[in-house]
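Here is the structure we will look at.
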Amino acid sequence: MIEVTRPAIAEHPFLRGMTPGHLDALAEVGADVCFPAGDRIFEDGGFAGKFWLIQSGHVALDVCVPGEGRVIIGTVGMGELLGCSWLFPPYRWAFGAVCAGPLEAFEFDAAAIRARCAADPLFGSELTRRLLRVLARRLQSTRTRLIARSVADGVPAEA
């Protein structure tokens, strides 16, 4: 793992425009990591002790469906946040994540960031606001996919 600097993380879209002090707080507990293709980063139901900001590559998000095995439900790629469950108790992943190809990312220690959020409410508010924007975008994307699937499957719309 390579040490992370403020200038390096400041360029990531998730952190763009964040104050230097808040970027420093993240850089203090961050690392630059690489994962090979096929590496499972986390498993559905596992402890969410880290999160990542992807610099290159992408990750397939999956869930285990009884009788079908792992089913890919989405992807997260370059410039995006991987992992939201680290901020909300009980800190358990709601899905799994596996590298679709080689991946480089900034990795952050969740407990250290949660402690910093508690100690610095402005930092906590800023980070939470950014995370909620990601969640809202992903929820809208899921909604759009579900509507498209129901139309393709011929499911009648409710009146």
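Observations on the model:
- Residue separation of THR5 and ASP24 scaled by 0.36 nm, minus their Cα-Cα distance, works out to 6.1 nm of gained length.
- Binning all Cα-Cα separations of segment 1-125 at 5 Å, short to long from zero, yields these whole-percent fractions: 2, 11, 20, 23, 20, 13, 6, 3, 1, 0.
- Nearest 10 degrees, 0 to 90: helix 110-119 Cα axis against the chain principal axis: 60
- Here the calculated FRET efficiency for ASP153 and HIS58, from their Cβ-Cβ distance with R0 = 41 Å, stands at 0.90, rounded to the nearest 0.05.
- Within the accessible area of segment 3-159 (1.4 Å probe), percent carbon and sulfur: 60
- Rolling a 1.4 Å probe over the heavy atoms of the protein chains gives the chain an accessible area of 56 Å² per residue.
- Residues of segment 1-27 falling in the label zone of ALA115, defined by backbone nitrogen less than 17 Å from a point 7 Å along Cα to beta-carbon, are 24-27.
- Relative to one another, the C-alpha centroids of segment 1-26 and segment 54-70 are positioned 27 Å apart.
- In the chain, the calculated helix contribution to ellipticity at 222 nm averages -11500 deg cm²/dmol per residue, counting -39,500 (n - 2.57) for every DSSP H run with n ≥ 4.
- Every Cα-Cα pair of segment 1-68 was included, and the share exceeding 13 Å stands at 72 percent.
The values are calculated or read from the model by the stated rules, or taken from the named source; none is laboratory data. None of the values given here were measured: they were computed from a predicted structure. Reconstructed Cβ throughout: ideal geometry from the backbone, glycine too, with neighbour counts over all protein chains shown. Calculation scope for accessible area: heavy atoms of the full protein, side chains included, ligands and nucleic acids excluded. Shrake-Rupley method; radii C 1.70, N 1.55, O 1.52, S 1.80 Å.
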